[in-house]
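Asker: Have a look at this one before I ask anything.
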Amino acid sequence: QVQLAESGGGLVQAGGSLRLSCTASGRALSTYGMGWFRQAPKKDRQFVAAISWSGANTLYADWGKGRFSISRDNARDTVYLQMNNLRPEDTAVYYCAAAGSGYGGSVDSHYYQWGQGTQVTVSS
């Protein structure tokens, strides 16, 4: 079973950027579709972005298009989320997840393994 660990979160001012990383251990990441989700306090978990096992297909939440970019480096067993032009409403814990197939899309029930999350705080 793959284990996932996120990193790269932190405190940033509005308009700034962060790059989150999700590194796998236990099994190679190359056959898994991967996703990023987030959860703000007192809110439901929300889809952010997804990428297929090869990286050929990506999907974004509407509010993230043009600001967020998901990518992967299978040789490094790592998935990235580049976040630009951050807004205070992007403040949340961000989670990466591995799908049970080569592509998980936006549905969180398609993902079977989750990381512990990394906090992103955007100040105004």
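Asker: Out of everything in region 1-12 that is under 14 Å from A92 (Cα atoms) and part of a strand (DSSP E or B), what residue ends up being nearest to the chain's Cα centre (by Cα)?
Answerer: In this case the residue turns out to be E6.
Asker: Does S124 qualify as being at pLDDT below 95, more than 21 Å from G26 (Cα to Cα) and open to solvent by 10 Å² or more (accessible area, probe 1.4 Å)?
Answerer: When the stated conditions are applied, S124 passes them.
Asker: Scan (1) out of contact with any helix residue (DSSP H, G or I) (no Cβ under 9 Å at 6 or more places or on another chain); (2) within 17 Å of A50 (Cβ to Cβ) for the single condition N84 breaks and write down its number.
Answerer: Looking at each condition in turn, N84 falls short on (2).
Asker: Tell me, yes or no, whether region 21-31 has at least one residue that is over 12 Å from the mean Cα position of the chain (by Cα), closer than 17 Å to Q1 by Cα, at pLDDT 95 or above and not aliphatic (A, V, I, L, M).
Answerer: no
Asker: Filter region 96-117 down to residues that are surrounded by 20 or more Cβ atoms within 10 Å (Cβ to Cβ) and farther than 16 Å from S25 by Cβ, then give me how many there are.
Answerer: Residues in region 96-117 being surrounded by 20 or more Cβ atoms within 10 Å (Cβ to Cβ) and farther than 16 Å from S25 by Cβ: 3 in total.
Asker: Taking A40, is it under 13 Å from G117 (Cα atoms) and of a type outside the set (D, E, K, R)?
Answerer: yes
Asker: If you take just the strands (runs of 3 or more DSSP E) that sit entirely in region 55-120, which of them hold at least 2 residues that are closer than 19 Å to G15 by Cβ?
Answerer: Output list reads 68-73, 78-83, 92-99.
Asker: Among the residues that make up region 55-64, is at least one of them without any contact (Cβ under 8 Å) to a residue 12 or more places away in the chain, farther than 18 Å from R19 by Cβ and of a type in the set (G, A, S)?
Answerer: yes
Asker: For residues that are surrounded by 13 or more Cβ atoms within 10 Å (Cβ to Cβ) and part of a strand (DSSP E or B), tally how many sit in region 14-54.
Answerer: Residues flagged as surrounded by 13 or more Cβ atoms within 10 Å (Cβ to Cβ) and part of a strand (DSSP E or B) within region 14-54 amount to 19.
Asker: What number of residues in region 61-79 are among the aromatic types (F, W, Y) and surrounded by fewer than 19 Cβ atoms within 10 Å (Cβ to Cβ)?
Answerer: 1
Asker: Return yes or no: is A92 within 13 Å of T31 (Cα to Cα) and either at pLDDT 95 or above or surrounded by fewer than 22 Cβ atoms within 10 Å (Cβ to Cβ) (or both)?
Answerer: Answer is no for this residue.
The values are calculated or read from the model by the stated rules, or taken from the named source; none is laboratory data. These numbers come from a predicted model, not from an experiment. When we count neighbours, we look across all protein chains shown, and the Cβ atoms used for this are built from the backbone with ideal geometry, even at glycine. Areas reflect the complete protein model, heavy atoms only, side chains present, ligands, DNA and RNA absent. Shrake-Rupley method; radii C 1.70, N 1.55, O 1.52, S 1.80 Å.
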